[in-house]
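Have a look at the structure below, then the notes.
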């Protein structure tokens, strides 16, 4: 006598797995792909007041050649606290070329901190304060 209990239980398990897979694929079709994408930053709703500080003490000079004048630029910096961007006017040494490394984080006392560092060693640190002021720190000039 041949027992059909094992083949039937295996067929039942396969049928259950196929049903679960069909339900999962149907649920995956209803999920919108944009629901998990990060939102692009928008312009900030406040007008910031900029304070510039040049730190020369205890910093290594980034650009030893001062033969060319600095370049004025505007950086669109994203405030990490509210995912909005601010246009920050800065002066860059002529040797700062290429794409900088960007580090962004939320700090103590509800401050947003964004650091730009170029391969020549020049660094700009922007501190977003809660009143709408932005401190721009230069390192390496």
*Might you let me know whether the range 40-49 holds any residue that is modelled with pLDDT of 85 or more, surrounded by 10 or more Cβ atoms within 10 Å (Cβ to Cβ) and within 14 Å of the chain's Cα centre (by Cα)?*
no
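Within the range 66-76, identify whether any single residue is at pLDDT below 50 and not in a strand (DSSP E or B), and answer yes or no. If you could, list the steps in order and put the result at the bottom.
Going residue by residue through the range 66-76, those that are at pLDDT below 50 are none.
No: zero hits.
The values are calculated or read from the model by the stated rules, or taken from the named source; none is laboratory data. Small disclaimer: the values here were computed from a predicted structure and weren't measured. A quick note on method: Cβ atoms are made from the backbone with ideal geometry, for glycine too, and the neighbour counts reach across all protein chains shown.
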